[in-house]
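First up is the structure itself, then whatever we jot down about it.
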Amino acid sequence: MSSIPAAIPVFDGHNDVLLRMRRAGQADPVQGFLDGEATGHIDLPRSRAGHLAGGLCAIFIPPPSMRPDANGDFLAPAQADALNETMAMTRLLFELESRSQGAVTVCRSAAAIRAAMNAGSFAAVFHIEGLEMVGADLDALYLLHQAGLRTLGPVWSRPNIFAYGVPFRFGSTPDIGPGLTEAGRALVRACNDLKIMIDLSHMNEQGFWDVAGLSQAPLVASHSNVHSLCPHSRNLTDRQLDAIRDSRGLVGINFGVLFLRDDGARNGDTPLSKIADHVAYVADRIGIQHVALGSDFDGTTVPKELGDAAGLPRLIEALRQRGFDDAALAAIGHGNWIDVLERTWGG
């Protein structure tokens with residue numbers, strides 16, 4: 001008699017649900033998340049159905065225009081505008097917690113993530129993607145940290161005062177543009193002091209190596225894939241993967257189809273085996289303890305076969321068919337994320 005495999009909880013390295021809620025135009029987007037929605041990838045009912053136990057909930061400020069400039073770069077928002085939007089999305093995050101009757105918990109430690117998961121509460125971590133709301137004085141960084149910010153990506157795919165975000169280019173390496181500015185170096189040191197995880201997804205290659213040479217924390221790319229399998233500028237070269245291994249860091253595999261396919265096409269018919277290819281490549285090259293999931297839910301086009309958060313068991317089954325056993329799936333699904341956050345945060 002065959003047994004049914006146990007459900008594998010997933011703690012995910014990146015989602016954009018707060019931005020989706022902010023832009024939804026609903027009278028009460030918080031209640032929409034709690035009750036369930038017909039759009040997007042994540043809400044509470046679908047998370048429970050797919051065993052999505054939590055993840056890094058990003059605050060991202062879109063560019064003022066989706067038209068890149070002459071260099072192919074997106075413009076960054078003004079600091080004041082970015083700070084206003086950050087406050088609005090931060091409010092959504094904490095309102096989700098306060099109105100959820102314990103179903104959502106904003107977590108500031110690995111112990112809090114474990115406790116929330118054990119209680120069946122969605123373990124949300126306050127994350128920022130692109131630090132345009134913070135000036136070179138870093139004053140806002142310290143305030144946001146007090147509010148619960150525990151991970152950040154210094155850049156999205158555009159330049160700012162800290163670094164040069166890698167543009168979206170298929171058939172390109174990530175070696176585009178300069179590295180950290182002096183303000184960026186000060187930011188890395190401040191993040192190390194505050195024990196804020198630095199996310200290297202969207203960082204160009206020179207910035208990656210600058211952070212690697214300066215930071216004392218594990219190197220983490222929360223939602224990035226393998227350049228050898230998909231030659232997109234957003235993906236990691238083998239040399240970058242090796243550096244992540246050497247730092248005892250982590251790669252969260254992005255579900256976005258344009259970062260999975262060897263043709264770079266935004267094709268929703270991409271099979272889940274493509275995600276498994278990237279997971280297996282990282283596990284084989286640098287060790288299973290260095291690979292996890294970083295869906296980019298609500299921020300990109302994912303395979304139709306996956307659909308949304310409720311479809312995560314289909315991905316887990318695809319990984320199982322690739323040869324990953326329950327212990328490996330638990331590590332990829334949540335254990336590796338909790339471990340690297342605990343070592344970065346110090347508890």
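The values are calculated or read from the model by the stated rules, or taken from the named source; none is laboratory data. Keep in mind the model is a prediction, meaning the values are calculated, not measured. Cβ sites come from the backbone with ideal geometry, for glycine too, and all protein chains shown count toward neighbours. The area values use the complete protein model at the heavy-atom level, side chains included, leaving out ligands, DNA and RNA. Shrake-Rupley method; radii C 1.70, N 1.55, O 1.52, S 1.80 Å.
Annotations
- Candidate values [x] 319; [y] 128; [z] 119, label of the one derived for volume of the Cα convex hull per residue in Å³: [y]
- Label zone (Gln31, point 7 Å along Cα-to-C-beta; backbone nitrogen cut-off 17 Å) within segment 68-107: 92, 95-101.
- Solvent exposure of the chain, expressed per residue, is 38 Å² of accessible area, with all protein chains present and a 1.4 angstrom probe.
- Karplus-based coupling profile of segment 284-301, in residue order and whole Hz: 5, 7, 10, x, 5, 6, 10, 10, 8, 10, x, 4, 6, 3, 6, x, 7, 8, with θ = phi - 60° in 6.51 cos²θ - 1.76 cosθ + 1.60 and x standing for Gly or Pro.
- By accessible area, using a 1.4 Å probe on protein heavy atoms only, the chain has 50% of its surface on carbon and sulfur.
- Rounded to whole numbers, the Karplus 3J(HN,Hα) couplings from phi for segment 96-112 are 4, 5, 5, 9, 8, 6, x, 7, 10, 10, 7, 9, 10, 8, 5, 4, 5 Hz, using 6.51 cos²θ - 1.76 cosθ + 1.60 with θ = phi - 60°, and x at Gly and Pro.
- For the pair Ala115 and Ala24, label points projected 7 Å from Cα toward Cβ lie 2.8 nm apart.
- Gyration tensor verdict on segment 195-246 (Cα atoms; rounded if a/c is under 1.5, prolate if a/b is larger than b/c, oblate otherwise): prolate
- Karplus (6.51, -1.76, 1.60) ³J(HN,Hα), θ = phi - 60°, over segment 224-236, in Hz, Gly and Pro reported as x: 9, 10, 9, 5, 5, 9, 9, x, 9, 4, 6, 8, 8
- Taking amide H as placed 1.01 Å from N in the peptide plane, Val291 has its amide H under 5 Å from the amide H of Val251, each at least 5 places away in sequence or on another chain.
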